[in-house]
């Protein structure tokens, strides 16, 4: 499974009693989140804060575009470090168009399952209070209430979204609202789940802006940071959230808000955005002159062509199996993708042979050599058209499986290919519902998770209990018996497993 890398930062302060209730204009209680970083990450004095922000905005450049701005990606370090970069994104917001900002950030300290929304009340900075949009917050939650929760406590000590608010208060008209939300699990599947809920709630509204809060690499030399950050900048610039998620998952690059970036890019795509503009990139070394250990900062905008129709994709899984021609085409795509990657050539642009190959399907590509595993990577969730998912996962299995070195050109003729096309996963209430040989199995507890494809247990000769115990201990990093405990979640799925040798 994919896991997006999240850099944990320890705040140098803890402030208690951050939220309190005070009467609003109607005399009813309003939940107010007080600032936790005013006076440290940005000035605590309103005049000084306003002057600093206006200085950054004056120095930033505006990008001309014939498209509509759907979302922005902005850094979240202290203003003296990331403020000049963030200002580029805020400079490109048209205040006439925006009434609500959906803010997505990472959690640096709080642990929670799913996505945490701050669903009502207001946030306060030295520049004043900004109210939550409770209607839109509730609409987002209602799209996936098992995953998205109204959880203001998770936001109490988090800086990644608060740091954006004074900038929004400066560039937007008074009265705008916000919907703050955070991710802890930043896996690609989790990001897409939240993205679909956001897009479903914001569909048809041109007055909503999406915002992703993220810094890039942390504490490398200037040269190494720019090398790592280029992968993020390129993926954002090409509007390729899946590539970004994959590079982060395989630790090819770093971003403490990688999940929020992927989420906002996916949500923007569902709402019609199809291109990105990189406004600015720099490191803390460019600001301070100290290039020994730097942090990377990116500002970007996500745009859609005006009047382009929104389209929220849904899974269209059918019960019928792949045809022989479709199976052969998937193996052709896998071969061509791996050979191009290994030989340093551009991966070919594929077109779907049939409509079935455009369905959003989870897929794993497994490589063996001499009967021994050589690489296995895949998507559990169906978030990419099948033919594209096979191309990407084939390359990932050959070059990105951390258990093995990258495949070499000499090995290409010896590789054995297997493709597993998955059905959507479903949670089970009892381990007895897991049928060895029929089901793939996922174990999940907090941020610990692991997966076995349906064919693994029969190949190893394991019983149900042995499969679950091995999965917990060796794949999820849990105690062997964790599958018996109620805190552990179990999911099953099925797969059409195709071995290339059976088609010859």
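A compact table of results
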{"quantity": "Sorted by Cβ neighbour density within 10 Å, fewest at the top, the residues 304, 368", "calculated": "368, 304"}
{"quantity": "Cβ-derived FRET efficiency at R0 30 Å, residue 321 paired with residue 489, nearest 0.05", "calculated": "0.55"}
{"quantity": "Label selected from (i) 26.1; (ii) 24.9; (iii) 23.4, the criterion being mean projected area of the Cα convex hull in nm² as computed here", "calculated": "(ii)"}
{"quantity": "Relative contact order (percent, whole number), the range 19-305, Cα cutoff 8 Å, 6+ residue spacing", "calculated": "25"}
{"quantity": "Mean-position separation - Cα centroids, the range 40-99 and the range 402-441, in angstrom", "calculated": "45"}
{"quantity": "Fully extended contour minus Cα-Cα distance, from residue 336 to residue 503, at 0.36 nm per residue", "calculated": "58.4 nm"}
{"quantity": "Förster-model FRET efficiency, 56 Å R0, residue 480 and residue 305, C-beta, rounded to 0.05", "calculated": "0.55"}
{"quantity": "DSSP beta bridges in the range 19-305 [antiparallel fraction, %, rounded to 5]", "calculated": "55"}
{"quantity": "Contact order relative to length of the chain, as percent, for alpha carbon pairs under 8 angstrom and 6 or more apart", "calculated": "14"}
{"quantity": "Percentage relative contact order, the range 164-295, counting C-alpha pairs under 8 Å, at least six apart", "calculated": "34"}
{"quantity": "Binned Cα-Cα distances of the range 324-503, short to long, each 5 Å bin given as a whole percent", "calculated": "1, 8, 17, 19, 19, 15, 11, 7, 3, 0"}
{"quantity": "C-alpha long axis of helix 258-270 to longest principal axis of the chain, angle in °", "calculated": "90"}
{"quantity": "Principal axes of the range 74-171: Cα extent on each, largest first, Å", "calculated": "38, 32, 21"}
{"quantity": "Potential extension, residue 51-residue 412 segment - 0.36 nm per residue separation minus Cα distance", "calculated": "123.9 nm"}
{"quantity": "By average C-beta atoms within 10 angstrom, highest first, the peptides 249-256, 203-210", "calculated": "249-256, 203-210"}
{"quantity": "DSSP beta bridges in the chain [antiparallel fraction, %, rounded to 5]", "calculated": "75"}
{"quantity": "Tail beyond 35 Å, pair distance distribution of the range 19-305 (Cα, percent)", "calculated": "10"}
{"quantity": "Relative counts (whole %) of C-alpha pair distances in the range 109-229, using bins that are 5 Å wide", "calculated": "2, 10, 19, 21, 19, 14, 9, 5, 2, 0"}
{"quantity": "Degrees, to the nearest 10: 79-91 long Cα axis against longest axis of the chain", "calculated": "80"}
{"quantity": "Computed E for residue 463/residue 328 - FRET, C-beta separation, R0 45 angstrom, nearest 0.05", "calculated": "0.80"}
{"quantity": "Separation of the residue 288 and residue 345 label points, Cα + 7 Å toward Cβ, nm", "calculated": "4.7"}
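Computed from the coordinates by the stated procedures, all read-outs in this text should not be read as laboratory data. These numbers were taken from a predicted model, which means no experiment stands behind them. Here Cβ is always computed from backbone atoms with ideal geometry, including for glycine, and neighbour counts include all displayed protein chains.
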